[in-house]
1. Based on DSSP H runs of at least 4 residues, each adding -39500 (n - 2.57), what is the mean residue ellipticity at 222 nm of the chain after dividing by all its residues, to the nearest 500 deg cm²/dmol?
2. Hey, can you grab everything whose amide H is under 5 Å from the amide H of Phe11? Only 5+ residues off in sequence or another chain; H modelled, so Pro and N-termini drop out.
3. Chymotrypsin sites (Phe, Trp or Tyr not before Pro), restricted to the stretch 16-60: which are DSSP loop and have at most 16 other Cβ atoms within 10 Å?
4. Just going by the charge dipole of the chain, with Lys and Arg at +1 and Asp and Glu at -1 on Cβ, which of Thr65, Val40, Val89 is farthest out on the positive end?
5. If you average the sequence gap of Cα pairs under 8 Å that are 6 or more apart and divide by the length of the stretch 11-87, what percent do you get for the contact order?
6. Using only Cα atoms, tell me the angle between helix 17-32 and the longest principal axis of the chain; keep it within 0 to 90° and round to the nearest 10.
7. Could you tell me which of rounded, prolate or oblate describes the stretch 38-91, using a ≥ b ≥ c as the square roots of the eigenvalues of the alpha-carbon gyration tensor, with rounded for a/c under 1.5 and, failing that, prolate when a/b is larger than b/c and oblate otherwise?
8. Which parts of the stretch 14-45 would a label at Arg72 reach, counting a residue when its backbone N lies under 17 Å from a point 7 Å out along Cα-to-Cβ?
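Each value in this text was obtained by applying a stated rule to the coordinates, not by laboratory testing. Computed from a predicted structure; not experimentally measured. We place every Cβ from the backbone using ideal geometry, glycine too, and count neighbours over all the protein chains shown.
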Amino acid sequence: MCRNIRTLFNFDPPATEEEVRAASLQFVRKLSGFTKPSQVNVEAFERAVEETAAIAERLLKELTTKAPSRDREVEAAKARERTAKRYGVGR
């Protein structure tokens, strides 16, 4: 359920609002155990996603590092390579 939660800090270009919201949605889904809440829980669920996204965005803005920014394309290539090794793709 949480496979879409990725590290969002220290990338060039920075994480988008959509990426932060997607990670927040996955986090709330994991905590609640719902992939889609019932009608009675939709309001609380959506409020939790929005509040989590706001806190996550604030966190990303406040964090600092001396490390160089990571390149999204390079990191994506590394992830594809790990997946290929893990699942034997290309053998």
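1. Computed ellipticity for the chain at 222 nm equals -19500 deg cm²/dmol.
2. Excluding prolines and chain starts, which carry no amide H, the hits are Arg70.
3. In loop regions of the stretch 16-60 (DSSP not H, G, I, E or B), the sparsely surrounded chymotrypsin sites (Phe, Trp or Tyr not before Pro) are Phe34.
4. Val89
5. Values: 30 pairs, mean separation 36.6, N = 77.
Once normalised by length, the contact order is 47 percent.
6. Helix 17-32 sits roughly 60 degrees off the main axis of the chain.
7. Values: a/c = 5.29, a/b = 1.44, b/c = 3.67.
Oblate shape, in that a/c is at least 1.5 and b/c is the bigger or equal ratio.
8. 14-24
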